[in-house]
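This report concerns only the one structure given below.
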Amino acid sequence: MKGEERMNNDYRKLTRSRENRMICGVCGGLGEYLNVDPTIVRIIWIFFSLAGCGTGLLVYLVASVIIPEKMD
């Protein structure tokens, strides 16, 4: 009975977006997860990538490998 209760929990899962993607869908997935416009997430990501001497690009590539793609 407890196993069934755990399986029926409604929780949000961070996934890469299939609809709101520019490159791999990481920013689109974050936007959907946080319930904000993905364009805002992209602008913030670009700002931090430029401010951090390009480490944002490395973080994006790692996130695109780690975060699973959304299954419909």
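Bear in mind these aren't lab numbers, they're just calculated from the coordinates by the rules spelled out. Note that the coordinates shown come from a computational prediction; the quantities given were computed from them, not determined experimentally. Backbone-built Cβ (ideal geometry, glycine too); neighbour counts: all protein chains shown.
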Please list the non-local residues whose amide H lies under 5 Å from the amide H of Glu69, H modeled 1.01 Å from N, same-chain partners needing a gap of 5 or more. Arg16
Could you work out the relative contact order of the chain? I mean the mean sequence separation of Cα pairs under 8 Å and 6+ apart, divided by the number of residues, in percent. 31 percent
Residue with peak Gaussian network fluctuation, the chain [Cα springs, cutoff 10 Å], from Arg12, Arg21, Arg42: Arg12
Cα convex hull of the chain: mean projected area in nm², to one decimal? 5.8 nm²
Between Tyr60, Tyr33, Tyr11, where does the largest GNM mean-square fluctuation fall for the chain, given springs only between Cα atoms within less than 10 Å? Tyr11
Using r as the Cβ-Cβ distance of Lys13 and Ala51, and R0 as 30 Å, what FRET efficiency do you calculate, to the nearest 0.05? 0.55
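Length gain on complete extension for the stretch Arg21 to Ile43, per 0.36 nm per residue less the alpha carbon to alpha carbon distance?
Once the chain is fully extended between Arg21 and Ile43, it gains 6.5 nm.
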Roughly how many debye, to the nearest 20, is the charge dipole of the chain about its Cα centre, given +1 on each Lys and Arg Cβ, -1 on each Asp and Glu Cβ, and no other charges? 160 debye
